[in-house]
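Computed from the coordinates by the stated procedures, all read-outs in this text should not be read as laboratory data. Everything numeric in this text was worked out from a predicted model, so none of it was measured. Cβ placement follows ideal geometry from the backbone for every residue including glycine, while neighbour counts extend to all protein chains displayed.
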């Protein structure tokens, strides 16, 4: 694919997916849906990392290794986030971010 | 056939401080399981011992003045800046644990995991201060953040604590997205994640011709995204919205820990990125940081002016202080390192002390930290009132406190750098800030008590407040030893040396 | 049009469709399934980029572990509790996010079109295949990237401890008592009623 597809196209796809994830994280009002949007953002960045690595730095594996680390961290973050969503649901009976809003002022 | 694994030579001294603290935290986690009963104070004392051991290790491995050590494929560096910062962070963590030990049992939220989590977060901060590779910067930010999400939501029967934890997590994860997007673009532009190599790449590619090389442009845009990611962590306006909510909802010692520890570590990482990697771009990031600093100082202090809630007031005040620290960072390359370290220590002492006083007045099952509770404190508890007054004066930057010299060094460095407008805005916002700090003092000394408040004292709180008061005044009267310490704390600009 | 270009375009279209579907779907389970589709497409993309190892990781960790976790939580909390019913109330915020996202997207595209990354190096297919070898990746993880690798372990440990802490408290202290719940609700109501400057939170 490296010879057939220009790097820019892959980058545009990645930035498009990042923006879709960003929009999801901003527009949804539920903790779980927002987390899904954030996961999509992280995935888009991974495409970026792997593409940059493949196209420009093929003789060392930095980009791909970083993508691996991002996946691991995303997993840890998702686990803590979902645990918190469950904990909140137990006390508030809702995961809607607008209902879970007593801190103001 | 599997490739042969040749582990390169490793200099364990470079990571000795964080290695100690991670190992101690892991062992403490297991020791805690075997502790009988519900009382977890012993775990807290063991955590304090761990911090002391880490401090000794840090001192034992500190590099000779003017030298630095790197290891692990140049991913971490141990320089005098890192050593000083590590010691300050350990002091902050020790304060946080000291004020937590009785707080947790008083509010019936005692769980042994609390202390190892604080240690892990401190380890993450130390890592942030030492890393010279963007992979490690990212991992350090995440380690710190994931720990703090949990600690923020630690106050179980309190509604607001979980809410704060969720808000912090969603915004933090969101900011992490920007951070790694920026890192990916820098990687694409410079072809490396190593800060030294990025700096070298920029120097060569910008020197070649008058045209702006494409790779450098990618690095510039990536740097901007990284800056946005960091702005969330250090709560610069307009990325500060979460700060008051999260501070108010989280357990007070955790809020204290976050307000200085997270800021210190994130600023240190940002400072290292700016000095080591992005110094050739100073013409671009200087005005951006200047605008952010101005907005942050003005907005943070004006918002604090209108707060009847002490905890939120301290949160907004910490936003304002982030603005002053940003001015210190902007002089990166000249006096950035020393004014940053001095300011951080002065701010840490005063802020931890103020939060400790807040804890003495915090009632079980109550969620109001009203300024009214401070009214007439002088008549009933003169020593507590004097301590609080000292912290407020130091936060306001009034001589003879350490806070005055902190602000003085920051402004002097900025003045020398020619940032006269920023110095003017800084002084103006300090004047605004003085209003609400002095208002607390006025209420303590002039007013009659509004309602009966009996402070709780215990050893941890007393010692913390005592050390903070003494430190604030001593460094305010005799700043010379501290000045020479921070002047000798230099960021390593190259590998080895 | 070469085969690879064709494959890339199809995969990209599926990935984007999955992402958009995740946003548009009102049912959270559908949303999660669209995200799963997106993750599969990204995995194929990794394969097209000659990274079979990441392809496998993406499938097992993301599509396998993380998405199952998401679906599990959605099911556990009950789909109806998470269904988007407040969307209309927030029209202002919705438009703000549309505008912000569009701006960012235009920016991102101009950036990527204008900026050429570091010079492409000579492609050596043999070297490429060798680099994708999992054994070599493992060796690199344990040599050059030893420290980040270990730190990742610490992050996972913290994640585990965090999840346990968040979950265990309810068992240690029991569920929230009725008085505590009432107190919190009253507190929230008082704060709203007292007309304190209500900033737009979150």
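Here are a few things to note about the model shown:
- Listed peptides A:31-38, B:200-207, A:19-26 appear in the order A:31-38, A:19-26, B:200-207 once ranked by packing, highest mean of other Cβ atoms within 10 Å at the front.
- Whether segment C:1-85 is rounded, prolate or oblate, judged on the alpha carbon gyration tensor where a/c under 1.5 counts as rounded: oblate
- Per-residue mean of foreign Cβ neighbours for B:241-248 is 3 (Cβ atoms of other chains, 10 Å radius).
- Average partner coverage of C:137-144, which counts Cβ from other chains inside 10 Å: 6
- Taking every residue in B:129-138 and counting other chain Cβ atoms within 10 Å of its Cβ, the average works out to 3.
- Rounded Å value of the spacing that divides the Cα centres of segment B:120-166 and segment B:277-299: 25
- If you plug the beta carbon distance of residue C:102 and residue C:26 into 1/(1 + (r/R0)^6) with R0 = 25 Å, you get a FRET efficiency near 0.70.
- Alpha-carbon centroids, segment C:40-73 and segment B:319-381: separation in whole Å: 45
- Fully extending the segment from residue B:49 to residue B:442, taken as 0.36 nm per residue of separation minus the present Cα-Cα distance, adds 137.6 nm.
- Taking other C-beta atoms within 10 Å as the exposure proxy, B:263, B:38, B:311 rank B:38, B:311, B:263 from fewest upward.
- At q = 0.07, 0.09, 0.14 Å⁻¹, base-10 log of I(q)/I(0) for chain B (Debye sum, equal scatterers on each alpha carbon): -0.35, -0.58, -1.45
- Label reach from residue B:291 (point 7 Å along Cα→C-beta): in segment B:173-209, amide nitrogens under 20 Å belong to B:178-179, B:182.
- Residue B:450 paired with residue C:76, simple spin-label distance in nm, labels 7 Å along Cα-to-beta-carbon: 4.2
- Cα gyration tensor shape of segment B:366-497, rounded if a/c is under 1.5, else prolate or oblate by comparing a/b with b/c: prolate
- Principal-axis tilt of helix B:41-61 within chain B, Cα atoms, nearest 10 degrees: 40
- Taking other Cβ atoms within 10 Å as a rough exposure proxy, B:331, B:360 sort from fewest to most as B:360, B:331.
- Angle in degrees between helix B:12-33 and the longest Cα principal axis of chain B, rounded to the nearest 10: 40
- Cα gyration tensor, segment A:7-92 - rounded (a/c under 1.5), prolate or oblate: oblate
- Model label sites at residue B:39 and residue B:427, defined 7 Å from Cα along the beta-carbon direction, differ in position by 5.7 nm.
- Rounded tilt (10° steps) of B:134-152 against the dominant C-alpha axis of chain B: 20
- The order of B:39, B:245, C:133, going from fewest to most other C-beta atoms within 10 Å of their C-beta, is B:39, C:133, B:245.
- Whole-angstrom gap from segment B:9-32 to segment B:81-110, using each part's C-alpha centre: 18
- FRET efficiency, 1/(1 + (r/R0)^6) with R0 41 Å, evaluated for residue B:470 and residue B:416 via beta carbons: 0.85
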